[in-house]
Amino acid sequence: MGKSSSQATLDDFMWQAWKAMRPLDGLRAEIIEEAIEVSPPPRRRHGVIANRLRQAAGAHLADGGHAVYQGLRVIHRRKVWIPHLVIAPHDLDEIPDEEDSGVDASGVAAVFEVVSPGHEAQSRDRKRTRRAYARAGIPRYVIVDDFDGDGTVTVLTSPNPGEAGYADEHRVPYGTGAVVPDGPAKGFVIGDAIVRP
């Protein structure tokens with residue numbers, strides 16, 4: 001199903017506005033659904049978890065053709081996201097987006113988000129980016145969430161772009177290892193070594 005002309009016009013407007021932005025150092029500017037969202041730098045705990053994830057996933061992928069990236073823009077149909085971690089091929093030149101602003105979502109194997117504090121940030125990571133990543137067909141979305149009870153890790157697979165959802169969801173509490181079931185990071189475990197305080 002194609003986009004309506006009004007939706008295409010809105011997408012183009014948002015894209016041009018995003019490209020013209022010059023956010024202060026450390027701020028992330030993303031186009032999520034129909035809005036440009038600017039986020040502050042992460043808190044200490046957030047950064048610790050993201051760094052542990054990056055190190056562990058990097059070690060897990062060491063002998064394969066994929067790598068872990070931080071701060072990488074993922075682009076799909078004039079939408080832009082900057083996940084906390086992205087798993088993609090070593091050679092990103094193979095999957096550039098149309099304007100060389102980032103990497104096309106079609107080449108991304110997985111994204112990881114560490115949920116930020118605050119109602120709006122939690123809604124973004126749990127709902128809006130979840131729908132956006134599913135629409136883009138990103139095959140694996142991992143959510144590390146300190147704010148869901150005593151903490152949970154959710155692994156989402158089998159995206160349904162038309163319904164903006166994932167068919168498979170595996171959600172476990174902290175203390176139980178969450179396992180990436182397939183893809184380049186198959187068998188990667190998000191457990192206590194990553195989420196412990």
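Every number in this text was worked out from the coordinates using simple rules, so none of it is lab data. Predicted, not measured: the structure shown is a model, and the values here were computed from it. Neighbour counts are summed over all protein chains in view; Cβ atoms, including those assigned to glycine, are modelled from backbone coordinates with ideal geometry.
Numbers below:
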item: Which of HIS119, HIS60 has the fewest Cβ neighbours within 10 Å, and the rest in rising order; result: HIS119, HIS60
item: D (Stokes-Einstein, µm²/s), Kirkwood Cα radius, region 42-195, 1.567 mPa s at 4 °C; result: 84
item: Dipole magnitude of the chain, debye to nearest 20 (Cβ charges: Lys/Arg +1, Asp/Glu -1, about Cα centre); result: 500
item: Rough spin-label spacing in nm, given labels placed 7 Å along Cα→Cβ, for ALA62 and ASP182; result: 2.8
item: Cα-based helix-to-principal-axis angle, 44-60 vs the chain, degrees rounded to 10; result: 80
item: Excluding exposed DSSP-loop GluC sites (Glu not before Pro) (at most 11 other C-beta within 10 Å), longest clean stretch of the chain; result: 100-197
